[in-house]
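In what follows, a single structure is set out as structure tokens and then discussed.
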Amino acid sequence: YQMAKSDAASLRNDYTSRTENDVIDQKDVAQDVPAILALEDAAAIPKGTIDPVYEAKARVLNHAIQDIGMGWYQWQLFIVVGFGWVNDNMWPIVTSLILTPITNEFLPSRPPLLSLAQNIGLLAGAMFWGFGCDIFGRKWGFNLTLGITAVFGMIAAGSPNFAAIGTFAALWSFGVGGNLPVDSSVFLEFLPGSHQYLLTVLSVDWAFAQVVATLVAWPLLGNLTCQEGVVCHRSANMGWRYFVIAMGGISLLEFFIRFALFTVYESPKYLMGKGRDEDAVRIVHEVAKRNGKTSDLTIEDLQACDPLGQGTQNTSAAALKRNLEKVNLTHVRAVFQGRKLAFSTSMIMAIWGLIGLGFPLYNAFLPYIQATRGHQFGDGSTYITYRNSLIIAVLGVPGALLGGVLVEIPRFGRKGSLALSTILTGVFLYASTTAKTSDALLGWNCAYNFFANIMYAVLYAYTPEIFPTKDRGTGNALTASTNRIFGIMAPIIAMFANLETAAPVYTSGALFIAAGLMAIVLPFEPQGKASL
């Protein structure tokens, strides 16, 4: 044990010193990493971890999933996990689309409070479901997040006043906020390492959600909504109520498919953490069977990780402790270790924060801007507004697909794609203020959404690649939290801005351009290289 531990430490120290100035080449990884992992496996887990037995068993399960490979179960999971990406974008779009008709009907003194309620719900949901899935399991959270979203979304249609719709927006967002933390955990824990790129491909679902939302909004909000400048009664403004019912119905259908038509297995690592090793082994074999394969994993393989018979710490408190360990100061310090990594982490957090502020600040008031500008151009009807929103949304889908191509261009890669798409997103926002006709405004907004979807596709891929594997969860948590917190700031700023001017557009454009310039100086380019 001590010899293996010493050899592993020596080899890793040498390996780390060669990565001090850059991410190491692929050929070096192929040569050194297996040796390091083999020695570290022989040395078990270094002293000082919360639960070394849990960590050792987790490695065994990871190897078993990799041996099974990508099969029918994972491809089915890929489809139903995509529902989480759909809802993550669809419901914030819903909030932005119903803002104008709700404002016309309820005449609130501060309309952006609706967006504020939504973002508070998203932050609370991300925190609750992210930590909770390690306590009560991934399976329940995987299904309940969609169920909660669907129920409160449909109930919101009966809101009698602005306070009620704000409350229900926070409640449905509580479900929405848990989609990505839970769904990504479920997907990755059944996904072999050779196919983890599929997490990036899921961004297509995120773009597709905007198309679905605006496609449904076109006939409902376009024909059953009060026009600007008239006394608005509930009977003449039922479009937004039918709209949230329709969106809730989509989420309810997705919930039914997940719950009734697809058997999602509990995560083997979660079961093992609860001391249910037999169930963990059984699930691995069930997945292998569904894929038409067999697995060599046995209960003895897991028991071998616990030669002293101490057992895994399997209480809920221990599970919570393990989860909190991912974001404790040790791991936080690790993503800021050394000037280069500290600079990289700080910059990517700042980029996520600026985008988290700029995107909702602009997107939440896009229908308002279109309607008021369209009115000046002589075609400001609600029908035209949402027809244009649909056209804009459709342009986002090829943008997301193009992002996956751009990141593989030699000497351009992730950094070039991220910087260019983010700067152009801001540039086209500024360009939209120069529109003299309705068609020109539509064209600028189409270009904005196209490049914004490239930006998000690249950002979702680049962020986890720059963090070491052992600290990747903490790095992702820091960037996601920064994004949500700045998202809460957006409606607060909007409440004190003059929405009858282009102020939200100018502010958002500046934030995107600043984020793009920051991307240029990011120190790491993961293209063609492997991160530790």
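The values are calculated or read from the model by the stated rules, or taken from the named source; none is laboratory data. These figures come from a predicted structure and were not determined experimentally. No Cβ is skipped: glycine too gets one built from the backbone with ideal geometry, and neighbour counts run over all protein chains shown. For the accessible areas, the whole protein counts, side chains as well, though only heavy atoms, and no ligand, DNA or RNA atoms are used. Shrake-Rupley method; radii C 1.70, N 1.55, O 1.52, S 1.80 Å.
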(message) With a 1.4 Å probe and all protein chains left in place, how much accessible area per residue does the stretch 212-289 have, in Å²?
(response) 45 Å²
(request) Of the listed pairs K269/K340; K139/K274; K57/K340; K57/K274; K415/K436, which have alpha-carbon separations greater than 24 Å here? (result) K269/K340; K57/K340; K415/K436
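If each residue of separation counts as 0.36 nm, what is the full-extension length gain between A510 and F259 once their alpha-carbon separation is subtracted? Before the final figure, lay out each step's value.
On the way: separation 251, 0.36 × 251 = 90.36 nm, distance 4.38 nm.
Contour length minus Cα-Cα distance gives 86.0 nm.
Plugging the Kirkwood radius over Cα pairs into Stokes-Einstein for the stretch 111-229, at a temperature of 25 °C and a viscosity of 0.890 mPa s, what D comes out in µm²/s?
Numbers: Rh = 16.1 Å.
Taking Rh from Cα pairs, D becomes 153 µm²/s.
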(request) Quick one: give the max-minus-min coordinate of the C-alpha atoms of the stretch 187-282 along each principal axis, largest first, in Å. (result) 65, 26, 21
(message) If I take the Cα coordinates of the stretch 173-226 and project them onto the principal axes, what are the three extents in Å, biggest first?
(response) 51, 23, 11
(message) Can you work out the Karplus-derived ³J(HN,Hα) for every residue in the stretch 203-213? Use 6.51 cos²θ - 1.76 cosθ + 1.60 with θ = phi - 60°, whole Hz, and x for glycine or proline.
(response) 4, 4, 5, 4, 6, 4, 4, 5, 5, 4, 4
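Taking the Cα centre of the stretch 75-213 as the origin, how large is its charge dipole in debye, to the nearest 20, when only Lys and Arg (+1) and Asp and Glu (-1) carry charge on their Cβ atoms? Numbers along the way, then the final one.
Values: 3 positive and 6 negative charges, 30 e Å.
Charge dipole of the stretch 75-213: 140 debye, to the nearest 20.
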